[in-house]
Every structure is written in structure tokens, then in C-alpha cells.
Amino acid sequence: MVRVREMEEADIEAVSAIRVRGWQAAYAGIVPQAYLDAMTVEEDAGRRREWFAHAGRQSRDLVALGERGPVGWICFGPSRIRVSGARRVGEVYALYVAPDLIGTGVGRGLLGEAHAAMTNEGFETSALWVLQDNRRARRFYERVGYAADGATQDDVYDDVPLSELRYLREL
């Protein structure tokens with residue numbers, strides 16, 4: 001059983017471990033292996049500390065707590081990109097669950113809490129980006145009501161461009 005709460009500064013190391021291990025598990029065979037191998041929890045935690053301390057940030061972070069502490073993390077806030085035809089759009093910037101707990105409902109619980117918070121903040125639609133080749137994540141988002149809207153963008157990892165698809169869901 002997990003509970004969800006706002007992320008605290010003391011959670012940074014655990015969240016960074018979840019994010020790095022999440023990347024290494026979810027993106028194996030998609031993102032170049034050298035890029036994944038170079039990721040470190042320490043480097044990620046350093047960036048996350050700077051970002052977490054930024055006074056003007058508009059995003060929110062939630063963690064899912066299990067018996068061993070944080071086991072999942074979600075970050076969300078206002079959409080970074082305008083969505084045609086939609087008024088108030090929020091965005092899920094990141095959602096990661098400890099790899100050994102994927103499929104146990106942790107991600108669904110975090111996403112549900114984020115959707116409730118976005119609704120309370122006046123957002124009407126939630127957007128997110130997912131790597132085109134990340135079929136598992138795409139199936140997860142489709143099961144919880146998201147659908148690709150045709151928008152794409154490319155990210156480059158070790159000189160390899162990878163396409164991302166934008167998914168939308170009414171809140």
C-alpha cells in the first residue's frame with residue numbers, strides 16, 4: 001500500500017534514484033545505451049536540488065511512499081507548449097516508478113493525484129510527451145484515458161534523434 005504526498009527536499013536522493021533507474025529500465029533498447037550508462041543518481045540529484053530550490057518554479061512534485069520510502073514520483077504544472085483548441089492545459093512533465101513496482105498501481109495512483117491537483121488548479125486538459133518507441137508507457141497512458149493528438153517533437157540523445165508523441169486527456 002502506498003500513499004501520495006508533496007515531495008520534500010529530503011526526498012531528492014530517492015527521487016533521483018527512481019528517475020535514473022526508471023530511465024535505465026524503461027528506455028533500454030530505445031535511448032542509446034551509452035547515454036543510459038552515463039546517468040548517475042548523484043548528478044541527477046544535484047540538478048534536482050538546484051531546480052527544487054528555484055523560488056519561481058510553477059511545477060509541483062508528488063511522491064508515492066511505500067514501506068521503503070519513496071517508490072514513485074510525478075512532476076506536473078502548466079503546459080510548456082500551446083495546445084490548439086484547448087484553454088487551460090496542464091502537463092505531466094515526468095512520471096517514474098521504481099522498476100520493480102511497475103504494474104502495481106503506483107503510477108496510476110500518482111497520475112490520479114496529479115489529475116485531481118490540476119483540476120483544482122483550473123486546468124481542463126492534461127498533456128504529456130512520450131517516446132514513440134516506448135510502447136509500454138503508451139499503453140499505460142492510453143488505458144488511463146490519454147490519446148495521441150498527432151503532435152510530435154524530437155529529442156536528441158548522444159546524437160540520436162528520438163521522436164516523442166504528445167498525448168492529451170480531458171480532466
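Output the residues belonging to region 95-140 that are among the small types (G, A, S), farther than 22 Å from P70 by Cβ and more than 13 Å from the chain's Cα centre (by Cα).
Scanning region 95-140 gives a single hit, G122.
Residues are listed down the side, and each one gets a yes or a no for (1) under 17 Å from G107 (Cβ atoms); (2) at pLDDT below 95:
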residue	(1), (2)
V4	yes, no
M7	yes, no
I18	yes, no
T40	no, no
D44	no, no
F52	no, yes
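Kindly indicate the residue of region 9-22 that is open to solvent by 20 Å² or more (accessible area, probe 1.4 Å) and in contact (Cβ under 8 Å) with a residue 12 or more places away in the chain and also nearest to R60 (Cα to Cα) among those meeting that condition.
Applying the first criterion (open to solvent by 20 Å² or more (accessible area, probe 1.4 Å)) to region 9-22 yields 9-10, 13-14, 17, 19, 21.
Keeping just the survivors that are in contact (Cβ under 8 Å) with a residue 12 or more places away in the chain gives 9, 13-14, 17, 19, 21.
Working: E9: 13, E13: 17, A14: 17, A17: 19, R19: 16, R21: 21 Å.
The qualifying residue nearest to R60 (Cα to Cα) is E9.
Counting only residues that are part of a helix (DSSP H, G or I) and either open to solvent by 60 Å² or more (accessible area, probe 1.4 Å) or of a type outside the set (A, V, I, L, M) (or both), how many does region 136-171 have? So that I can check it myself, show each step before the final result.
To start, the set of residues in region 136-171 that are part of a helix (DSSP H, G or I) comprises 136-143.
Cutting the leftovers down to either open to solvent by 60 Å² or more (accessible area, probe 1.4 Å) or of a type outside the set (A, V, I, L, M) (or both) gives us 136, 138-143.
The total comes to 7.
Take A26 and tell me if it is surrounded by 21 or more Cβ atoms within 10 Å (Cβ to Cβ) and touching a residue at least 40 places away in the same chain (Cβ under 8 Å). Break it down into steps so the answer makes sense when it comes.
Values: surrounded by 21 or more Cβ atoms within 10 Å (Cβ to Cβ): no; touching a residue at least 40 places away in the same chain (Cβ under 8 Å): yes.
Answer is no for this residue.
Does region 94-121 hold any residues that are open to solvent by 50 Å² or more (accessible area, probe 1.4 Å), within 13 Å of V63 (Cα to Cα) and either free of Cβ contacts under 8 Å to residues at least 12 places away in the same chain or not basic (K, R) (or both), and which are they?
The one that is open to solvent by 50 Å² or more (accessible area, probe 1.4 Å), within 13 Å of V63 (Cα to Cα) and either free of Cβ contacts under 8 Å to residues at least 12 places away in the same chain or not basic (K, R) (or both): E113.
Please work out if L171 is of a type in the set (A, V, I, L, M, F, W, C), at pLDDT 95 or above and either out of contact with any His (no Cβ under 6 Å at 6 or more places or on another chain) or closer than 30 Å to A34 by Cβ (or both).
Working: of a type in the set (A, V, I, L, M, F, W, C): yes; at pLDDT 95 or above: yes; either out of contact with any His (no Cβ under 6 Å at 6 or more places or on another chain) or closer than 30 Å to A34 by Cβ (or both): no.
Criteria not met by L171.
Scanning region 29-64 for residues that are within 16 Å of the chain's Cα centre (by Cα) and part of a strand (DSSP E or B), which turns out farthest from V15 (Cα to Cα)?
R60
Could you look through region 122-135, keep only residues that are in contact with a strand residue (DSSP E or B) (Cβ under 6 Å, 6 or more places away or on another chain) and more than 16 Å from I74 (Cβ to Cβ), and pick out the one that is most open to solvent (accessible area, probe 1.4 Å)?
Checking each candidate, the answer is Q132.
The values are calculated or read from the model by the stated rules, or taken from the named source; none is laboratory data. Remember, predicted model here, so these are calculated numbers, not experimental data. Neighbour counts are summed over all protein chains in view; Cβ atoms, including those assigned to glycine, are modelled from backbone coordinates with ideal geometry. With ligands, DNA and RNA removed, areas are computed over all heavy atoms of the protein, side chains included. Shrake-Rupley method; radii C 1.70, N 1.55, O 1.52, S 1.80 Å.
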